[in-house]
Amino acid sequence: TNEAFSRIEKLDGDVQAFLALDKDNALKRAEELETIPAEERGPLFGLPIGVKDNIVTEGIETTCASKILKGFIPIYDATVVKKLRDAGMITVGKLNMDEFAMGSSNENSAFKTTKNPWNLNHVPGGSSGASAASVAAGEVPFSLGSDTGGSIRQPAAYCGVVGMKPTYGRVSRYGLVAYASSLDQIGPITRNVYDNALLLEAIAGVDPNDSTSADVPVPNYASSLNGDIKGLRVAVPKEFLGEGVSEEVRQSIYSALEVLKGLGATVEEVSLPHSKYALAAYYILASSEASSNLSRFDGIRYGFRAEGVKNLMELYKETRAQGFGEEVKLRIMLGTYSLSAGTYDAYYKKAQQVRTLIKEDYDKVFENYDVIVGPTAPTAAFKIGDNIDDPMTMYANDILTIPINLAGVPAISIPCGFHEGLPLGLQIIGKHFDEETIYRAAYAYE
Ligand code: GLN
């Protein structure tokens, strides 16, 4: 823990990953843990971790990188934070993100833009950009992120670390500030696959406080990592290597597939025909859910409240006008529109139908294959400022991660090479609740 704080002191002026540090409490807790006898210590005991700022932490300000939550100090810990504590881990601070997890670059944070540690002129990805950057910079060995449409995997790819989005329902969302509740999942970001498996095991499992958490046994993931993937059936969707994916990314995937073949896996091309509708469906569904979820920020219950207003209605309006950033407002408007009488059938309902078709594409492929493999993102990390005025390019960046959230299946991003000094990511997608096979494949490749 001391080492984490000294790395943060040395590097965070450049990387800008942390929004809040909890040094005194963390060091105190580290000291308390020393009294626990060796035989009661698990594999993660005493290790420091950073937590994305949309996961509530008792007594530590939680802002979702939004002005509207400035000053909000939660009175309870998210289930995952409680589980980290039970595992003997030490939360050192809260990590920057795109406001309310809306974004792909950390440029939508109301407070600062986190930098990619491999090249400070480039974005770390988003929205869990700082969760990935802090691990890549060696500030912390572990972090938690959240993934609604790629927010764990894309930053993991951009920063050259390992990020897992578990199956929807695998990890409790109790205490995760909701963006799009039917898509959101918390997951681990680490330096290697083994660490990742340990951390998922620690945070996974059914939770009475989250009715969407699933009562499915949590395997001991790390124990099945033996490097043996002989006979593993790997599917490569042709839609994942087509238009919009850069040549260097394509080449890195072809090399990765050779490695998997060399390890005894069979590799075949498949099709996920509805992939091309995923982006449009996602932005309607995610924005719709967000417009409803974010209605709770009214200036009464949490954080910031506008001053100098004449009545209650003005208080709501002014608080939200001053508190939310541009991207958040854009999505609230888009979502409210999609859910309105008169547009609901044409947009929201249609997007839900598309979602079902996408899920069925995945179910079908998984009848004959163990994992689906492809790139995590179409390019390496782009330059800060390059896409900020072009929402379509920014949104298109998530084209390879979004369908996985719509289908609800788990997927990991692991490093697979570099382009001009910036890391590239390999995405391995698995069946519902089969994170185990993903980890086995990822570990063998790594
Ligand atoms: N970039 C996507 C969005 O802005 C995904 C973000 C996420 O997964 N939280 O919605």
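The values are calculated or read from the model by the stated rules, or taken from the named source; none is laboratory data. Keep in mind it's a predicted model, so treat the numbers as computed, not measured. Every residue, glycine among them, receives a Cβ derived from its backbone with ideal geometry; neighbour counts consider all protein chains shown.
Looking for something surrounded by fewer than 24 Cβ atoms within 10 Å (Cβ to Cβ) and out of contact with any helix residue (DSSP H, G or I) (no Cβ under 9 Å at 6 or more places or on another chain) - is there at least one such residue anywhere in segment 87-96?
no
Does segment 268-286 include one or more residues that are within 26 Å of residue 361 (Cα to Cα), in a loop (DSSP other than H, G, I, E, B) and free of Cβ contacts under 8 Å to residues at least 24 places away in the same chain? Walk me through it before giving the result.
Within segment 268-286, the subset within 26 Å of residue 361 (Cα to Cα) is 268-286.
From what's left, in a loop (DSSP other than H, G, I, E, B): 271-272.
Then keep just the ones that are free of Cβ contacts under 8 Å to residues at least 24 places away in the same chain; that gives none.
No.
What are the residue pairs meeting all of these: first residue in segment 147-159, first residue within 15 Å of residue 381 (Cβ to Cβ) and of a type in the set (Ser, Thr, Tyr), second residue near the ligand (Cβ under 6 Å from one of its atoms) and assigned to a helix (DSSP H, G or I), Cβ atoms under 7 Å, and 6 or more apart or on different chains?
From segment 147-159, the pairs are 151/101.
Looking at this structure, is residue 53 of a type outside the set (Gly, Ala, Ser), within 30 Å of residue 101 (Cβ to Cβ) and surrounded by 14 or more Cβ atoms within 10 Å (Cβ to Cβ)? Spell out the reasoning first.
Details: of a type outside the set (Gly, Ala, Ser): yes; within 30 Å of residue 101 (Cβ to Cβ): yes; surrounded by 14 or more Cβ atoms within 10 Å (Cβ to Cβ): yes.
In short, yes.
Within segment 392-412, can one find any residue that is on the phi > 0 side of the Ramachandran plot, away from the ligand (no atom under 12 Å from the Cβ) and in contact with a Phe, Trp or Tyr (Cβ under 6 Å, 6 or more places away or on another chain)?
Residues of segment 392-412 on the phi > 0 side of the Ramachandran plot: 408.
If we keep only those that are away from the ligand (no atom under 12 Å from the Cβ) too, we end up with 408.
Of the ones still in play, those that are also in contact with a Phe, Trp or Tyr (Cβ under 6 Å, 6 or more places away or on another chain) are 408.
Yes.
Identify all residues within segment 170-192 that are in contact with a Ser or Thr (Cβ under 6 Å, 6 or more places away or on another chain) and hydroxyl-bearing (Ser, Thr, Tyr); write none if there are none.
Correct list: 172, 174, 179.
Which condition number in (1) within 14 Å of the ligand (Cβ to nearest atom); (2) without any contact (Cβ under 8 Å) to a residue 24 or more places away in the chain is the one that residue 387 fails?
With (1) within 14 Å of the ligand (Cβ to nearest atom); (2) without any contact (Cβ under 8 Å) to a residue 24 or more places away in the chain applied to residue 387, the lone miss is (2).
For residues that are within 15 Å of the ligand (Cβ to nearest atom) and under 17 Å from residue 91 (Cβ atoms), scanning just segment 154-178, find the one that is surrounded by the most Cβ atoms within 10 Å (Cβ to Cβ).
The qualifying residue surrounded by the most Cβ atoms within 10 Å (Cβ to Cβ) is 171.
Select from segment 89-123 the residues that are within 14 Å of the ligand (Cβ to nearest atom) and either assigned to a strand (DSSP E or B) or in contact with a His (Cβ under 7 Å, 6 or more places away or on another chain) (or both) and list them in ascending order.
Just the residues of segment 89-123 that are within 14 Å of the ligand (Cβ to nearest atom), to begin with: 95-109, 123.
Residue satisfying the conditions is 95 alone.
Could you grab me the full set of residues in segment 365-374 that are out of contact with any strand residue (DSSP E or B) (no Cβ under 6 Å at 6 or more places or on another chain) and surrounded by 14 or more Cβ atoms within 10 Å (Cβ to Cβ)?
At the first step, the residues of segment 365-374 found to be out of contact with any strand residue (DSSP E or B) (no Cβ under 6 Å at 6 or more places or on another chain) are 366-368.
Residue satisfying the conditions is 366 alone.
Quick check on segment 186-203: of everything there that is in contact (Cβ under 8 Å) with a residue 60 or more places away in the chain and closer than 24 Å to residue 359 by Cβ, which residue is nearest to the ligand (Cβ to nearest atom)?
Taking the candidates together, the pick is 186.
Just a yes or no: is a residue in segment 367-374 without any contact (Cβ under 8 Å) to a residue 40 or more places away in the chain, farther than 17 Å from residue 166 by Cα, more than 14 Å from the ligand (Cβ to nearest atom) and not β-branched (Val, Ile, Thr)? So that I can check it myself, show each step before the final result.
Of segment 367-374, the ones without any contact (Cβ under 8 Å) to a residue 40 or more places away in the chain are 367.
Those still in the list that are farther than 17 Å from residue 166 by Cα too: 367.
Going one step further and asking which of them are more than 14 Å from the ligand (Cβ to nearest atom), we end up with 367.
From what is left, the residues that are not β-branched (Val, Ile, Thr) are 367.
Yes, segment 367-374 contains at least one residue that is without any contact (Cβ under 8 Å) to a residue 40 or more places away in the chain, farther than 17 Å from residue 166 by Cα, more than 14 Å from the ligand (Cβ to nearest atom) and not β-branched (Val, Ile, Thr).
Scan segment 365-381 and tell me whether some residue there is of a type in the set (S, T, N, Q), assigned to a helix (DSSP H, G or I) and more than 23 Å from residue 125 (Cα to Cα). Lay out the reasoning, then the answer.
First, pick out the residues of segment 365-381 that are of a type in the set (S, T, N, Q): 368, 376, 379.
This time we only want the ones that are assigned to a helix (DSSP H, G or I), so: none.
No, the conditions are met nowhere in segment 365-381.
Identify the residue in segment 289-335 that is within 16 Å of the ligand (Cβ to nearest atom), of a type in the set (A, V, I, L, M) and out of contact with any Gly (no Cβ under 8 Å at 6 or more places or on another chain) and, among all such residues, is nearest to residue 71 (Cα to Cα).
Pass one, segment 289-335, residues within 16 Å of the ligand (Cβ to nearest atom): 289-294, 324-335.
After this cut, where a residue has to be of a type in the set (A, V, I, L, M) as well, the list is 290, 294, 328, 330, 332-334.
Checking which are out of contact with any Gly (no Cβ under 8 Å at 6 or more places or on another chain) leaves us with 294, 328, 330, 332-334.
Values: 294: 17, 328: 19, 330: 24, 332: 23, 333: 26, 334: 28 Å.
For segment 289-335, the residue satisfying everything is 294.
Quick check: is even one residue across segment 378-392 at pLDDT below 95, among the β-branched types (Val, Ile, Thr) and out of contact with any strand residue (DSSP E or B) (no Cβ under 6 Å at 6 or more places or on another chain)?
Yes; the residues of segment 378-392 include at least one that is at pLDDT below 95, among the β-branched types (Val, Ile, Thr) and out of contact with any strand residue (DSSP E or B) (no Cβ under 6 Å at 6 or more places or on another chain).
Only one of these is touching a Cys at 6+ places or on another chain (Cβ under 7 Å) and at negative phi: 177, 193. Name it.
Values: 193 fails: touching a Cys at 6+ places or on another chain (Cβ under 7 Å).
Sole residue among the options that is touching a Cys at 6+ places or on another chain (Cβ under 7 Å) and at negative phi: 177.
Of everything in segment 131-148 that's part of a helix (DSSP H, G or I) and away from the ligand (no atom under 13 Å from the Cβ), which residue is surrounded by the most Cβ atoms within 10 Å (Cβ to Cβ)? If you could, list the steps in order and put the result at the bottom.
Step one: filter segment 131-148 for residues part of a helix (DSSP H, G or I), giving 131-136.
Restricting the remaining residues to those that are away from the ligand (no atom under 13 Å from the Cβ) gives 133-136.
On the way: 133: 34, 134: 37, 135: 31, 136: 24.
Per the criteria, the residue is 134.
Checking the condition surrounded by fewer than 24 Cβ atoms within 10 Å (Cβ to Cβ), within 14 Å of the ligand (Cβ to nearest atom) and assigned to a loop (DSSP other than H, G, I, E, B), which residue from 181, 151, 127 passes?
On the way: 151 fails: surrounded by fewer than 24 Cβ atoms within 10 Å (Cβ to Cβ); 127 fails: surrounded by fewer than 24 Cβ atoms within 10 Å (Cβ to Cβ).
Going through 181, 151, 127 in turn, just one is surrounded by fewer than 24 Cβ atoms within 10 Å (Cβ to Cβ), within 14 Å of the ligand (Cβ to nearest atom) and assigned to a loop (DSSP other than H, G, I, E, B): 181.
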